[in-house]
Amino acid sequence: MTTDATTKPTTRDECPHMAKLKLDVACVPCQTERYQQAKQHYAKLKTKYGLNDEHTLTAAFEFDYHLITTYRLTECDELLTEIYNACKSMYDDATASASHEPCTNAKTADQILINHMLKQALQRRQRFYTQVLQSFAFLRFKQARFEESNEYFERMQKLVGDHERLLENMGHTYTSIGQVDKAKDCFQRALKVIDAKVAVAADKKANEEEFHIGGILLGLGMCERSLGKNKEALATLEKSYDWYKSKHQNGDNSILAKVGGHLADTLMDVGRLDEAEKHYREAVRIFTATCGEVNPLTSHAIRQLGRFLIHTNCRDEAKKMLLDELERFVKVDAQSLRMRPVIESLHFLVEEYKQSREQKKRQTKSLKQFLNRLLHCCKIAKESFTKVGLCYPIAQLGKMLDDRSISDEKRRQLLLSLEFESIVHFFETCQT
Ligand SMILES: [Zn+2]
């Protein structure tokens, strides 16, 4: 039997247009189609079997995969909240049955086989709980709720122990909350776990290929950079980049853009600006091709390039790029929208607006247009921030900031909200 490109079944990361578009993942329209199919499939099984069912939960996690990879975080949060109890009770039931095995004195081959199958069925049912903890950890990470993300990973670790992928993920959450030493420790432990596994494997070369070294090196490089060790960071990040490059030779994959972005940041720090610019532009190109234009990752890459252009005094290009980007960014899922990057872009644009007004001495048509676009972005962003509970009316903000019992984290968030409100106020008063 032969298989060619047209009969080959596609997996969830493939689509028929990959070769033509030089992609190493499904194209954006196909990603949307897979998301819709997974959504319908899950809804169908939920109606047919209910939530406490292996088929339904398997479909739920397939759906979860498409939600998280396409940054549909609000929908993802709803799904995981819906299935959490079913996963937990399936785990509890399976664990209770596992404690009293049905046939402990199995002697015949048939009895042993039945025991083996029962054990497998139990493990399968237990796994949903580990899976839901992991999915929540990923979701909270993408929602920038890093401390909660870490709690889920720690609960998972109690169930599965030191696993290199888990340690890698925990490392990334520690990095995000500024606990660099803990993060570094996780990445180094992950490398040790891999070394130990490779050492016992018969075919060392083949075995090493299966481990996700690139992600661990990326994490380690980011830690080194935070600790001010740019030279080490550069070497580690280059290794990570080469590792991913060798894994994705068929076409573009967003992971290369991600590593490239961190590499560019480090290159910029050490003054190798031409190389940095190349990586920043390449990251924007890859994210746009693999994740689409309205996507938090694409937005982040454009902002990084914009920041670079401001640094190198290409303000006109930065201005156009950051305003276009802001208009797209405010359209992402409310839970993916970040206040800090919105404010950073706005600060730059306020400055640009003031300068142009100064030069032209009065409101020209193009300046009015510029202002209206900014006001429109602010309006949409404000709606999203209000929806997820990040925005408050000024009067209320003042009272909340006076409250001494609120946490530092909350205080930082309130100050950001205050900053955002004052920028909006600035634009609103410009127009009159
Ligand atoms: Zn496609």
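Taken together, the values in this text are just the output of simple stated rules run on the coordinates, not laboratory data. Computed from a prediction, not measured in an experiment: that's the story for all the values here. Here the Cβ is made from the backbone with ideal geometry for all residues, glycine too, and neighbour counts use every protein chain on show.
A simple count of charges around CYS76, restricted to other residues whose Cβ falls under 11 Å of its Cβ and scoring Lys, Arg +1 and Asp, Glu -1, yields -3. The local environment of LEU159, defined by Cβ-Cβ distances under 15 Å, has a net charge of +3 under the rule Lys, Arg +1 and Asp, Glu -1. With springs only between Cα atoms under 10 Å apart, run a GNM on the chain and tell me which of ILE310, ILE302, ILE114 wobbles the most. Taking springs between Cα atoms under 10 Å, the residue moving most is ILE114.
Given springs between every Cα pair under 10 Å in a Gaussian network model of the chain, which of THR95, THR266, THR290 has the largest fluctuation? Maximum fluctuation in the GNM of the chain, among the listed residues, is at THR95.
Between GLN40 and GLU232, residue separation times 0.36 nm minus the direct Cα-Cα distance comes to 64.3 nm. Among LYS361, LYS107, LYS197, the residue with the largest mean-square fluctuation in a Gaussian network model of the chain, with springs joining Cα atoms closer than 10 Å, is LYS107. Since only HIS41, SER89, ILE68 are under comparison, the one whose Cα sits farthest along the positive direction of the charge dipole of segment 10-129, derived from C-beta charges on Lys, Arg, Asp and Glu, is HIS41.
The helix-only estimate of mean residue ellipticity at 222 nm for the chain, built from DSSP H runs of length n ≥ 4 each weighted as -39500 (n - 2.57), is -26000 deg cm²/dmol after division by the residue total. In order along segment 266-275, phi translates into HN-Hα couplings of 5, 4, 5, 4, 8, x, 8, 5, 4, 5 Hz, rounded to whole numbers, per the Karplus curve 6.51 cos²θ - 1.76 cosθ + 1.60 with θ = phi - 60° and x for Gly and Pro. Computed 3J(HN,Hα) for segment 343-359, one whole-Hz value per residue from the Karplus formula 6.51 cos²θ - 1.76 cosθ + 1.60 where θ = phi - 60°, is 5, 4, 4, 4, 4, 5, 6, 4, 4, 4, 4, 4, 4, 4, 5, 4, 5, glycine and proline marked x. Report the local net charge at LYS192: Lys and Arg +1, Asp and Glu -1, summed over other residues whose C-beta lies under 12 Å from its C-beta. Once positives and negatives cancel, what remains is -2. Annotation for ILE380 and GLU148: the two label points, set 7 Å from Cα along the Cα-Cβ direction, are 2.5 nm apart.
The 3J(HN,Hα) values that the Karplus relation (6.51, -1.76, 1.60; θ = phi - 60°) gives for segment 281-290 are, in residue order, 5, 5, 4, 4, 4, 5, 4, 4, 6, 9 Hz. Gly and Pro appear as x.
Find how many whole Å separate the alpha carbon centroid of segment 243-314 from the alpha carbon centroid of segment 26-98. Centre-to-centre (Cα) distance: 32 Å.
Taking the centroid of alpha carbons for each part, segment 368-432 and segment 107-134 are 52 Å apart. Only Lys, Arg, Asp and Glu carry charge here, each on its Cβ (+1 for the first two, -1 for the last two); on that basis the chain has a dipole of about 1020 debye about its Cα centre.
Based on C-alpha pairs under 8 angstrom that are at least 6 apart in sequence, the chain has a relative contact order of 11 percent. Net charge dipole, segment 338-432: roughly 440 debye, given to the nearest 20, about the Cα centre with Cβ charges of +1 for Lys and Arg and -1 for Asp and Glu.
Summarising the amide proton neighbourhood of LEU23: residues at separation of 5 or more, or on other chains, whose placed amide H is nearer than 5 Å comprise ASP252. Under 14 Å from a label point set 7 Å out along the Cα-to-Cβ vector of GLU317, the amide N atoms of segment 259-288 belong to 273-285.
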